[in-house]
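Worksheet for the structure shown next.
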Amino acid sequence: MDCRNRMLPALLAAVLGFGSGGVSHGTEPDIRWRAGGHFLAVASVEFLPDGEHVVSASSDVDVKLWHLPSRRLAWASSDGRFGPGGIRVAPDGSYYVAAATELDTNVVTRTLSAGFPTVRLGALNVPPFVTAISPSGGRVAAGGFSPTPVEVRDLRVWNVSSGRELAVLPAASLPDVGYIERLEFVTEDDLVIGSIQRLTRWSTDGSVRWARAATFPESIVF
């Protein structure tokens, strides 16, 4: 992947955040402007497939849709529910999935057109921290971890169209997974879970295909 394409979401996060300072890099971004769109730090920025829109999420509990060529705000939600991991946009750009706030355990999707309806997929036993969308956009996964009062971990997969829960990571595997930092679908059925010093490939059929040590799983790009 071109280095500029990898850097652009981070640069956009900087300019979309309220009060952001100047961005200094060796290569100038394709687009730069101070949107002033969020009052708190931007947690995530995702491109839509048309390349002309991005969705941004901030801990000010707003999700916003931006039109890049015009530098205009196209849509904003004052009830965009998401946790520290921000939001993930479906491959076709039709919806985003969001983990709930730290005081909630729900996982929701929100359509990015036709009235922007929100649909609750389900809930974890702990606040969601990371989410993932399958390559087809038909499945969503969410995982979370709570250290108190006792360590609790939960990871589940849902069918987006029906809302049906498809799989739960077996409790016997959860102690080895640890604190979940990354979650990505590598196929429609398999996910790679990145936790502290460990990568695990888990299938929705209930099997753990492999587990490997990883020094810095949060820096791995799937």
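Here is a check on your reading of the model: is Val160 modelled with pLDDT of 80 or more and closer than 14 Å to Val97 by Cβ? Yes; evaluated as a whole, the condition is true for this residue. Listed by position, the strands (runs of 3 or more DSSP E) contained in the stretch 39-128 that have at least 1 residues being over 23 Å from Glu181 (Cβ atoms) and modelled with pLDDT of 80 or more are 53-58, 62-67, 72-77, 95-99, 106-111, 118-123. Within the stretch 129-151, the set of residues being over 19 Å from Ala43 (Cβ atoms), assigned to a strand (DSSP E or B) and at pLDDT below 80 comprises just one member, Ser146. For the stretch 122-157, filtered to residues that are under 22 Å from Pro49 (Cβ atoms) and of a type outside the set (Val, Ile, Thr), the residue that is nearest to the chain's Cα centre (by Cα) is Ala132.
Residues checked against (1) in contact with a strand residue (DSSP E or B) (Cβ under 6 Å, 6 or more places away or on another chain); (2) open to solvent by 30 Å² or more (accessible area, probe 1.4 Å); (3) charged (D, E, K, R):
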position: Pro91; (1), (2), (3): no, yes, no
position: Val107; (1), (2), (3): yes, no, no
position: Val119; (1), (2), (3): yes, yes, no
position: Val126; (1), (2), (3): yes, no, no
position: Ala141; (1), (2), (3): yes, no, no
position: Ser146; (1), (2), (3): yes, no, no
position: Leu155; (1), (2), (3): yes, no, no
position: Ser162; (1), (2), (3): no, yes, no
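The values are calculated or read from the model by the stated rules, or taken from the named source; none is laboratory data. Note that the coordinates shown come from a computational prediction; the quantities given were computed from them, not determined experimentally. Positions of Cβ are backbone-derived with ideal geometry, glycine not excepted, and every protein chain shown enters the neighbour counts. Ligands, DNA and RNA are stripped out before the accessible areas are found, and what is left, the full protein with its side chains, is counted by its heavy atoms. Shrake-Rupley method; radii C 1.70, N 1.55, O 1.52, S 1.80 Å.
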